[in-house]
1. For residues that are hydroxyl-bearing (Ser, Thr, Tyr) and within 23 Å of the chain's Cα centre (by Cα), scanning just the stretch 235-270, find the one that is nearest to residue 205 (Cα to Cα).
2. Which residues, taken from the stretch 13-31, are farther than 13 Å from residue 188 by Cα, in contact with a strand residue (DSSP E or B) (Cβ under 8 Å, 6 or more places away or on another chain) and polar (S, T, N, Q)?
3. Please find, among 200, 187, the residue that is charged (D, E, K, R), closer than 20 Å to residue 220 by Cα and either within 10 Å of ligand 2 (Cβ to nearest atom) or in a loop (DSSP other than H, G, I, E, B) (or both).
4. Filter the stretch 222-234 down to the residues that are surrounded by 15 or more Cβ atoms within 10 Å (Cβ to Cβ) and either of a type in the set (Val, Ile, Thr) or within 26 Å of the chain's Cα centre (by Cα) (or both) and list them by number.
5. Are any residues in the stretch 183-196 of a type outside the set (S, T, N, Q) and modelled with pLDDT of 90 or more, and if so, which ones?
6. What number of residues within the stretch 20-43 satisfy the criterion of being aliphatic (A, V, I, L, M), near ligand 1 (Cβ under 10 Å from one of its atoms) and either surrounded by fewer than 24 Cβ atoms within 10 Å (Cβ to Cβ) or modelled with pLDDT under 95 (or both)?
7. Taking the stated definitions as given, is residue 258 surrounded by fewer than 16 Cβ atoms within 10 Å (Cβ to Cβ), at pLDDT below 95 and either acidic (Asp, Glu) or not in a loop (DSSP other than H, G, I, E, B) (or both)?
8. Sort out which residues of the stretch 82-139 are among the acidic types (Asp, Glu), at pLDDT 95 or above and over 20 Å from the mean Cα position of the chain (by Cα), and write them in order of number.
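The values are calculated or read from the model by the stated rules, or taken from the named source; none is laboratory data. Values in this document were obtained by computation on a predicted structure and should not be read as measured data. Glycine gets a Cβ as well: all are built from the backbone with ideal geometry, and neighbour counts include every protein chain shown.
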Amino acid sequence: MDKRKKVIFSGIKPSGDLTLGNYIGAIKNWVKLQDDYECLYCVVDLHAITVRQEPKELRQRTLEVLAIYIASGIDPQKSTLFIQSHVPAHSEGGWLLNCYTYMGELSRMTQYKDKAQRYGDSISAGLFNYPVLMAADILIYNTDLVPVGKDQKQHVELARDIANRFNNLYSPTFTIPEPYIATTGQKIMDLQDPSKKMSKSDENPNGYILIMDPPEVIRKKINRAVTDSVGEVHYSDEQPGVKNLMNILISLSGTTAEEIEKKYAGKGYAEFKKDVADAIIAELEPIQKRVKEILADKDYLESVYKAGAEKAQYMALKTLRKMQKKIGFIPPAK
Ligand code: ATP
Ligand code: LTN
């Protein structure tokens, strides 16, 4: 039977160089979903400008993120790859949904609260509204599943609330999306402070590993990663630094925590750290090589994001028109 494939949507902001957290928590899982779902993977540049971006860097990074998607195994023949600002329905849908979202809901978003604390008064209204744009991203494609890291679960839940509100107010319009969180590598933590997530906008570069970091830098950062004075490789909340390194190894090599504990019993951390670094390098080196090749072929990249935007626009416009009609807007004259 030819049942409609379920729709998957996800995106990463080109707001900094991508980290191992983005790779393990997002991209690596996306690759696996391509055969079973209709997947749309987006570079969410509209989201990136919620904090100030240097125009030249934003341009470079947007293309680099796209190249990383492809180099990591996302196949433009199977999945729709595009740049968010090329599909204006995201911004338009975002505005409409803003009028169906409460200030109270947005002020409860953890990511907003964290960033508000970090940036103080100079925080943009865009940062506050950001989850509404994300809801539009998801809802205009009638997305069924949203693969994200644990940190984004709250935003997907807000998208569900907004969708239900709109559906109940008018008539069924949106599919109610579900977060789809992979069991391994849900949240990779900062190497210097394992109580916070590894983030590309961190000030301390030793806290994160970049997808494009050269091997010697990866080794240095893993060697410097904060552990503890226990001296035993155990998977325990009391040893958050070691646990994080174990999670990285588990998601990259497919071993289990028990196997790792057994292998390094009585051996301290040096050999364990070396093997973690080896596993990261083995995974990232071929991807880095491909990224460079893809970035050198601008025509190819352009053909990918052009085809992606056309397909996405077609899907998104259908939903946007429905929303406008239900709200009570006069359709434009033909
Ligand atoms: P920033 O730190 O600048 O806010 P970010 O690194 O969180 O950005 P996003 O573009 O917001 O990156 O996230 C893209 C995807 O990567 C999301 O699905 C998010 O859940 C996932 N992700 C980001 N950091 C991690 C992490 N440390 N562990 C697991 N998943 C992560
Ligand atoms: N908010 C997400 C990035 C993002 C996203 C989306 C993820 C924007 N739009 C739609 C999934 C679906 C973040 O900060 N990681």
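1. 251
2. Of everything in the stretch 13-31, just one residue is farther than 13 Å from residue 188 by Cα, in contact with a strand residue (DSSP E or B) (Cβ under 8 Å, 6 or more places away or on another chain) and polar (S, T, N, Q), namely 29.
3. Result: 200 is the single residue among 200, 187 that is charged (D, E, K, R), closer than 20 Å to residue 220 by Cα and either within 10 Å of ligand 2 (Cβ to nearest atom) or in a loop (DSSP other than H, G, I, E, B) (or both).
4. Listed by number, the residues that qualify are 222, 225, 226, 227, 233.
5. 188, 189, 190, 191, 193, 194, 196
6. 3
7. no
8. The answer is 92, 105.
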